[in-house]
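Asker: Have a look at this one.
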Amino acid sequence: SGSATTKNFTPKFDDYQAVYNEIASRLEENDEYDDGSYGPVLVRLAWHASGTFDKETGTGGSNGATMRFAPESAHGANAGLKAARDFLEPVKAKFPWITYSDLWILAGVCSLQEMLGPQIPYRPGRKDGEVAACTPDGRLPDASQAQDHLRKIFYRMGFNDQEIVALSGAHALGRCHANRSGYEGPWTFSPTVLTNDYYKLLLDEKWQWKKWEGPKQYEDKTTKSLMMLPADLAIIQDKKFKAYAEKYAADNDLFFKDFSAVIVKLFELGVPFAEGTENKRWVFKTFNA
Ligand code: CCH
């Protein structure tokens, strides 16, 4: 396989596809983990690595993988992401030529495709950074807040309203954990499959405050088994956001198209790629999906 410990080794598409396959083959290795897949938490790792970007200063973003270091790994927003970083350690050991920062994003891409999402084109080129490159706390969104906050946070990364709504659809996946964020429960009935159900449920269900000791969150009136964060409800409380949510609820193909485009943009924020690679992204073959 050319596994890559020689100095002048230049990894190619097939080498990254091998890393992809390794991750994909292990996503469901542990039945006891959450809903049976590490996919959602790996997507969250890739997003939190990227979502620290600040377009004014060019700081943050997925280049650097600075969440390996204590200041950033200890930020409240990153609670629980150790599970994702630890999952990837044996992959890094098997393919030592890949940087952590490229690996974390590749794991996000792999997870989204394996969870039946759209193709997510990828290009490598991230370099691991030093502890000094850790971003200050507070760059990731606060789930207790609403549209003004979402706009402030995502405009800082360079996104517009349509892109904010498209990105939010990732909450079709995974769940909240009381021992991580304080919140509890999944957003949809199929948390290991990417669909536009997040928008459908937001718009079709009646959402009421959950009666509990934890932080303020919503539950669906019908089954009381699903949840929404205050920041999720903002997607239908804001008129401009809501118009996009209605489009995505009505058209899964449109959601997939826009989601793929915006997640590629997110995953590349602040990365100094080699010139001429913008139109040379790779699409990996799915493994289990
Ligand atoms: Fe998120 N997210 N997210 N999120 N998120 C949480 C979990 C996931 C917010 C808050 C939370 C995005 C945007 C936002 C995922 C992907 C994305 C949790 C629970 C909170 C709180 C953490 C826990 O307890 O484990 C807020 C606020 C925003 C504002 O926009 C975006 C954008 C993405 C990806 C594109 C995924 C996936 C999860 C599930 C993780 C898991 O472990 O199951």
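What follows is calculated from the coordinates using simple rules that are stated; it is not laboratory data. Just so it is clear, the model here is predicted, and its values are computed rather than measured. Virtual Cβ from ideal backbone geometry, glycine too; neighbours counted across all protein chains shown.
Asker: With bins 10 Å wide starting at 0, give me the P(r) of the stretch 1-126 over every alpha carbon pair, in whole percents.
Answerer: Spelled out per bin, shortest first, that is 12, 44, 34, 9, 0.
Asker: Points 7 angstrom from Cα along the Cβ direction at ASP142 and GLU89: gap in nanometres?
Answerer: 3.3 nm
Asker: By how many degrees, 0 to 90 and rounded to 10, does the Cα axis of helix 39-50 deviate from the longest principal axis of the chain?
Answerer: So the helix axis and the longest Cα principal axis differ by about 80 degrees.
Asker: Could I ask something else about it? Could you sort out which of LYS240/LYS280; LYS82/LYS216; LYS94/LYS285 sit more than 28 Å apart by Cα distance in this structure? Spell out each step's value before the answer.
Answerer: Working: LYS240/LYS280 34 Å; LYS82/LYS216 25 Å; LYS94/LYS285 20 Å.
Violating the 28 Å limit, Cα to Cα: LYS240/LYS280.
Asker: Mind ranking 266-272, 192-198 by how tightly packed they are, going by the mean number of other C-beta atoms within 10 angstrom, highest first?
Answerer: Details: 266-272: 20.4, 192-198: 22.0.
Answer by packing, highest mean first, reads 192-198, 266-272.
Asker: Mind checking the full-extension length gain between PHE273 and SER190? Use 0.36 nm per residue of separation minus the Cα-Cα distance, one decimal, nm. Don't jump to the answer; show the numbers that get you there.
Answerer: Working: separation 83, 0.36 × 83 = 29.88 nm, distance 3.55 nm.
Taking 0.36 nm per residue and subtracting the Cα distance, the gain is 26.3 nm.
Asker: Related question: Simple spin-label model, 7 Å along Cα-to-Cβ: SER225 to ASN160 in nm?
Answerer: It works out to 4.0 nm between the two label points.
Asker: Using alpha carbons only, what's the Rg to Rh ratio of the chain with Rh from Kirkwood? Mind dumping the intermediate values first?
Answerer: Values: Rg = 18.4 Å, Rh = 19.3 Å.
Taking Rg over the Kirkwood Rh, I get 0.95.
Asker: Also, I was wondering about something else. What number, in nm² with one decimal, is the all-direction average of the projected area of the convex hull of the alpha-carbon atoms of the stretch 153-210? Can you show the working numbers first?
Answerer: Values: hull surface 20.2 nm².
Convex hull of Cα atoms, orientation-averaged projection: 5.1 nm².
Asker: Turning to a different aspect of this structure: Counting Lys +1, Arg +1, Asp -1, Glu -1, what net charge surrounds ALA170 among other residues with beta carbon under 13 Å of its beta carbon? Before the final figure, lay out each step's value.
Answerer: Values: positive: ARG44, ARG175; negative: GLU163, ASP197, ASP232, ASP258.
Net local charge, ALA170 excluded: -2.
Asker: May I ask for the Rg/Rh ratio of the stretch 164-256, computed from Cα atoms with Rh as the Kirkwood radius, given to two decimals?
Answerer: On the way: Rg = 12.6 Å, Rh = 13.2 Å.
Looking at the stretch 164-256, the ratio lands at 0.95.
Asker: What percent of all Cα-Cα pairs in the stretch 93-215 falls in each 10 Å bin, counting up from 0?
Answerer: Calculated over all Cα pairs of the stretch 93-215, the distribution is 10, 29, 41, 17, 4 percent.
Asker: Okay, next question. Name the aspartates and glutamates eligible as straight-distance cross-link partners of LYS55: C-alpha to C-alpha under 14 Å, and not fewer than 8 places from it in the same chain.
Answerer: GLU268
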